[in-house]
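Undergrad: The structure's right below; bear with me while I get my questions together.
The values are calculated or read from the model by the stated rules, or taken from the named source; none is laboratory data. Bear in mind the structure is a predicted one, so any value in this text is a computation, not a measurement. All Cβ positions, glycine included, derive from the backbone under ideal geometry; neighbour counts span all protein chains shown. Please note that ligands, DNA and RNA were not included when accessible areas were found on the heavy atoms of the full protein model with its side chains. Shrake-Rupley method; radii C 1.70, N 1.55, O 1.52, S 1.80 Å.
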Amino acid sequence: MGGVEDDEPPSKRVRISCSKLGGLSNGKSLREPASCSLCDSMARPLLSEGDDEVVGPKGVVRKIEFVRIIAEALYSLGYKKTGAHLEEESGIPLHSSAVNSFMQQVLDGNWDESVVTLHKIGLVDESIIKLASFVILEQKFFELLDGENFMDALKTLRTEIAPLCVNSDRVRELSSCIIDPSHHDLCRFSGKDTLTVKSRSKLLEELQSLLPPTVMIPEKRLVHLVEQALDLQRDACKFHNSMVEEMSLLTDHQCGRDHIPSQTLQILNEHSGEVWFLQFSHNGQYLASSSNDRTVIIWEVKVDGRVSLKRKLIGHQKPVSFISWSLDDHQLLTCGVEEVVRRWDALTGECLHVYEKGGLGVVSCAWAPDGRRIFTGLTDKSVIMWDVDGKELECWKGQRTSMISDLGMTSDGKQIITVSKDTTILLFGWESKAEKIIEEDQIIISFALSRDGKYLLVSLVNEEIHLWNIEGHVRVLAKYKGHKRSRFVVRSCFGGLEQAFIASGSEDSQVYIWHRSSGELVMALPGHSGTVNCVSWNPSNPHMLASASDDRTIRIWGLNEVKIKHNGAHTNGVHFCNGES
């Protein structure tokens, strides 16, 4: 394609676009693609090492690489003439003439020639050459089988593929197609990604991902870099709480404070006592709240974003301290203070069952993801698993839980999360019996689990909130400070778009909001006249936040603009970002 290694006239400097050329079939290989990151440094560069001209004020963008990925982008967009003119004018070819020949040979099915050329395109890592050869010859093998040239296919397998000593398991699978041709037919027409011929353009894409980027520029590399830049801008924006599709390439992205729910849109005052707990349903259409007035209220979130009373649940004999929605949002569990757990029909308000253990009080509850079992923590520090009809299935005695009314389940349903001691959180595999421990230096007040079950938010007595990664290696990721707590249980939550924010109640009557990744305090929202005990962010609307307080009210927080139009229609408070404040 032109440049120092191309003697052809500029008019023939046209890139081969593997995405535009047809192939033989749409099958895929089961061979796992190898990473080329280890071999990047071993590949010979297209031009000389001394050509290190850079562009841009920071001096970190090499001109050669920059021009090459622009050329690749032009070809990918279908601007072949423009791409060719860029190569001609800059004198920087997208690929060397050897690579161009290799790509064309692959697309033409000249397998033996392509394997020979593979050794001439600048690879010095023999393992990569062997792996690429294996992929090419496997394609040759399947095309021979498709043409019913069984003897030639067998010869290719024995004399070309097997001597590479690559992926012996795969070689045995290929030999099964020779021994039993019906096995190959079954694989070809089963619709599964098993032993089958792939299109040549797909083969070229696989080779492109296998070979070092210094030899072959990855497909759509410029688009990938731009998307990375947008992701970094979004993550760095401490107010980003809107749909990413509206981000513009023409300006640096920065949202304003008006994308955070900071205005009181409603004050709900149906409770006659302090409101201790509240939680939105998983679909965001309902909000459940509980109080020391011994009632639970189910609120409905209307299409226009207004919240109205739907059901008042009466039956507990003590204040209600905890609520847990079933995964389908049809039922909810409510837990009285050292009393019982009640299961309710969320639509009708009927109490379906009462879970209690003679002589013991229940302090916490949680649903299993399958919705057929529930877990409860008891005052004797044990944990019980029940079926929904109230049959006790299993009991784990010992220091399994404390008096804190928080109980969680990881999203896979395999681990129960409890506060087992004052400063210890226990992740207990109820089937495997394996245990993980999170040790804090301070007394734990409460915890909240992220939607994906990978992160835990732990509120401490010293007015700090710690974000823990609980998947794989357990570790602290961030700490949040600023809210007030000295006497009461104050709860925090994840929220906002992609749960990019942390919110917490506070004893100074305010709601605190932090940017999750940076730990920066974004806002403190005044309005309540008593301790804010609990907060909950609507999972389906990043611009709706609810807070519960000792002042006997629930506040619904939203954007400064109550009614926002998008695409000519009113929404329930969902707002889309245009990159402006």
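Undergrad: Exactly one condition in (1) under 24 Å from residue 551 (Cβ atoms); (2) at pLDDT 95 or above; (3) not aliphatic (A, V, I, L, M) is not met by residue 487; state its number.
TA: All conditions pass for residue 487, except number (2).
Undergrad: Hey, can you tell me all the residues within the stretch 358-402 that are outside any loop (DSSP other than H, G, I, E, B), at pLDDT below 90, open to solvent by 10 Å² or more (accessible area, probe 1.4 Å) and farther than 14 Å from residue 416 by Cα?
TA: The answer is 360, and nothing else.
Undergrad: Right, here's the next one. Of the residues 549, 517, only one is buried (at least 22 other Cβ atoms within 10 Å of the Cβ) and either at pLDDT 95 or above or touching a helix residue (DSSP H, G or I) at 6+ places or on another chain (Cβ under 8 Å) (or both); which?
TA: 549
Undergrad: Further question: So which pairs qualify, if the first residue must be in the stretch 458-473 and farther than 25 Å from residue 429 by Cβ, the second must be surrounded by fewer than 15 Cβ atoms within 10 Å (Cβ to Cβ) and at pLDDT 95 or above, the Cβ gap must be under 8 Å, and the two must be at least 6 apart or on different chains?
TA: That search, which allows pairs on different chains as well, returns 463/481; 464/479; 464/481; 465/479; 465/481.
Undergrad: OK, next. Which pairs have Cβ atoms under 8 Å, sit 6 or more apart or on different chains, and link a residue in the stretch 216-238 that is within 25 Å of residue 106 (Cα to Cα) and open to solvent by 70 Å² or more (accessible area, probe 1.4 Å) to one that is assigned to a helix (DSSP H, G or I) and among the hydrophobic types (A, V, I, L, M, F, W, C)?
TA: Taking only residues 6 or more apart or on different chains, the pairs are 220/73; 221/69; 221/73.
Undergrad: Is the stretch 60-77 home to any residue that is assigned to a loop (DSSP other than H, G, I, E, B) and at pLDDT 90 or above?
TA: Within the stretch 60-77 (the criterion being assigned to a loop (DSSP other than H, G, I, E, B) and at pLDDT 90 or above), the answer is yes, since at least one residue qualifies.
Undergrad: Further question on the same structure: All but one of (1) free of Cβ contacts under 8 Å to residues at least 60 places away in the same chain; (2) in contact with a helix residue (DSSP H, G or I) (Cβ under 8 Å, 6 or more places away or on another chain) hold for residue 542, so report the exception by its number.
TA: Going through (1) free of Cβ contacts under 8 Å to residues at least 60 places away in the same chain; (2) in contact with a helix residue (DSSP H, G or I) (Cβ under 8 Å, 6 or more places away or on another chain) one by one, residue 542 breaks only (1).
Undergrad: Here's a follow-up. Taking the residues in the stretch 258-287 that are hydrophobic (A, V, I, L, M, F, W, C) and surrounded by fewer than 23 Cβ atoms within 10 Å (Cβ to Cβ) as candidates, determine which candidate is nearest to the chain's Cα centre (by Cα).
TA: 265
Undergrad: Sticking with this structure for a sec: Which residues, counting only those in the stretch 101-139, are touching a residue at least 24 places away in the same chain (Cβ under 8 Å) and not in a helix (DSSP H, G or I)?
TA: 109, 121, 122, 123, 124, 125
Undergrad: Please state which of the following conditions residue 332 fails to meet, knowing it meets all the rest: (1) over 23 Å from residue 266 (Cα atoms); (2) open to solvent by 60 Å² or more (accessible area, probe 1.4 Å); (3) part of a strand (DSSP E or B).
TA: (2)
Undergrad: Additional query: Can you tell me which residues in the stretch 552-563 are open to solvent by 10 Å² or more (accessible area, probe 1.4 Å) and in a strand (DSSP E or B)?
TA: Within the stretch 552-563, just 555 meets the criteria.
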